Amino acid sequence: QWDPNSSNGQAIVHLFEWKWPDIAAECENFLGPRGFAGVQVSPPNEYVEVYQGEVKRPWWERYQPVSYKLVTRSGDENAFKDMVTRCNNVGVKIYVDIVMNHMSGGWPQGTGGSGGSSFDSGAQSYPGVPYSAFDFNDGNCHTGSGNIENYGDANQVRNCKLVGLNDLNQGTDYVRGKIRDYLNTLIGYGVAGFRIDASKHMWPGDMKAIFDSLNNLNTDFFKAGSRPFIFQEVIDLGGEAISGQEYVGNGRVTEFRYGKYLGEAFRGNNQLQYLKNFGEDWGMMDRANALVFIDNHDNQRGHGAGGDMILTFRVSKWYKMANAFMLGWPYGYTRVMSSYYWDQWWENGQDKNDWIGPPQDDSFNIISPSFNADGTCGNGWICEHRWRQIYNMVEFRNVAHGTDMNDWWDNGSNQIAFCRGDKGFLAINNDGWDLKETLQTCLPAGTYCDVISGSKEGGSCTGKSVTVGGDGKAYIEITTMEDDGVLAIHANSKL
Ligand SMILES: O=C(/C=C/c1ccc(O)c(O)c1)N[C@@H](Cc1ccc(O)cc1)C(=O)NCCCOc1c(-c2ccc(O)c(O)c2)oc2cc(O)cc(O)c2c1=O
Ligand SMILES: [Ca+2]
């Protein structure tokens, strides 16, 4: 269903490839205190351990299941349970990345799983579940190769192999039962919901049959009768046979156009003044159904949905501006990406290193993030969620929750500002000249700390302060020389 089952806040963070003990600590040390609603974790089920020439332990190996055993490089079943308990105890929910469309692709005999299970991809035999050839869609796929060949044909997009991955038949009671048992086990441990990977490649009706049969959430952490939060990954930029709209009956759906449009706008291919009606008027799905984000683990690598328009940590000024807009704007349920660093190696318009997995030691164990005195991360972890301009806007979103957007202002090009009820005010300058205006902030008179250039700490502002008059107006300045082209004040940043 559509409600994240979280009272702590209005934004989640995708801690991509983090280990379970590190997530537990992050919930206690940072995410709970900062008002994050929850964490999207990487797939916790057993997957193929990939060593393919120079490609060793790529991030996408975790999207080739071998079984539903909870044994991965992020940790084992006990570590997973401990993480869910510790995060729930500080109000941070756990949303699990579920890979239920397929099992692995073709691998040589003897290739191992992250939990030690064997499997035979050619025979479609996965004894760790167990699944056999009866459980796959080959009989329902009518393309020559057995793979998806034409995204204009809805049947083959669902019933044929996605890039050679053995395609499960979610239409049988047996497969539905195995997936149900896997999700119910996670529900038993206290998770709040699921991110459904590759939803485009499954029939919405089959998915609904599975989701409707799931247990209610664990009453140790949720009120009786709570249903799992569902958000379905459907990569839909238009132009294909399948649209995200087909899935809104099951829960929320990822809106990939959101990040593409904002990438175009902040890169200057469009003007910010047109964001005045950003949302359904742009053809995007109803905000109550949308899960939105600036980038995700796939399209931040330059070849996914949205292509080279997608903003990432590598273009940090635009990235912070776009995240500030997303977290300030009332459309959709927001997800912040948290990445690790990898060296890109561009050849013929493609990053040859786009497979590189998380920071790892010589034994291919994932290295934990380190934390600097200023709260940022080291050891190859970017931790965008720990950037002040982003985590302060998570609080802005929480403070503004329940209000709409009002008092829009723009300068006819790339300087914009708007209010959220009488709770918050955001201004952005993406023009090549200074923004110096007296604007309506909709806030009660007083002095407010700008939460982008600094924070409110004790009784003072570490960054800019803004004085709001009795008429709600204030002098707003964002020069082109500043680190960030954004100014944000809200009810909780008032001195
Ligand atoms: O780049 C990747 C992995 C991408 C990927 C992984 C997980 C995701 O959630 C995702 O959105 C993308 N994988 C690399 C390497 C690879 C992996 C497996 C394989 O059999 C062949 C190659 C790659 O080059 N993939 C081909 C292009 C990306 O095509 C994939 C898509 C995908 C891309 C665009 C779409 O419009 C769409 O509907 C689906 O979803 C996946 C989902 C998975 O669960 C596992 C996958 O391997 C993939 C996946 O390969
Ligand atoms: Ca399928």
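The values are calculated or read from the model by the stated rules, or taken from the named source; none is laboratory data. If you're wondering where the values come from, they're calculated on a predicted model, not measured in any experiment. Note: ideal-geometry Cβ built from the backbone for every residue, glycine included; neighbour counts use all protein chains shown. The protein model used for the area step is the full one, side chains on, heavy atoms only, and it has no ligands, DNA or RNA in it. Shrake-Rupley method; radii C 1.70, N 1.55, O 1.52, S 1.80 Å.
Okay, here's what the table says:
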read-out: Test for G106: is it within 29 Å of the chain's Cα centre (by Cα), farther than 26 Å from K19 by Cα and more than 16 Å from ligand 2 (Cβ to nearest atom); value: yes
read-out: Any hit, the range 193-213, residues being within 16 Å of ligand 2 (Cβ to nearest atom), among the small types (G, A, S), at pLDDT 95 or above and more than 25 Å from F80 (Cβ to Cβ); value: yes
read-out: Condition check for Q124: over 18 Å from D181 (Cβ atoms) and within 16 Å of ligand 2 (Cβ to nearest atom); value: yes
read-out: Filter pass, A241 being open to solvent by 10 Å² or more (accessible area, probe 1.4 Å), over 22 Å from the mean Cα position of the chain (by Cα), at pLDDT 95 or above and within 22 Å of G190 (Cα to Cα); value: no
read-out: Residue list for the range 250-309, restricted to those being within 16 Å of ligand 1 (Cβ to nearest atom), part of a loop (DSSP other than H, G, I, E, B) and modelled with pLDDT of 95 or more; value: E255, F293, I294, D295, N296, H297, D298
read-out: Cβ pairs under 9 Å, 6+ apart, first in the range 197-216 and on the phi > 0 side of the Ramachandran plot, second within 16 Å of ligand 1 (Cβ to nearest atom) and part of a helix (DSSP H, G or I); value: A198/Y63
read-out: Some residue of the range 262-283 being within 27 Å of E149 (Cα to Cα) and crowded, with 20+ Cβ neighbours inside 10 Å; value: no
read-out: Residue among F364, F371 that is within 24 Å of T462 (Cβ to Cβ) and surrounded by fewer than 19 Cβ atoms within 10 Å (Cβ to Cβ); value: F371
read-out: Complete set of residues in the range 94-115 that are open to solvent by 20 Å² or more (accessible area, probe 1.4 Å) and either hydrophobic (A, V, I, L, M, F, W, C) or over 21 Å from I367 (Cα atoms) (or both); value: G106, W107, P108, Q109, G110, T111, G112
read-out: Residue match in the range 161-181 (condition: among the hydrophobic types (A, V, I, L, M, F, W, C) and open to solvent by 20 Å² or more (accessible area, probe 1.4 Å)); value: yes
read-out: Enumeration of residues in the range 449-465 that are farther than 24 Å from S316 by Cβ and either of a type in the set (K, R) or touching a Phe, Trp or Tyr at 6+ places or on another chain (Cβ under 8 Å) (or both); value: S465
read-out: All positions within the range 63-84 that are in a helix (DSSP H, G or I), open to solvent by less than 60 Å² (accessible area, probe 1.4 Å) and closer than 20 Å to D181 by Cα; value: Y63, A79, F80, V84
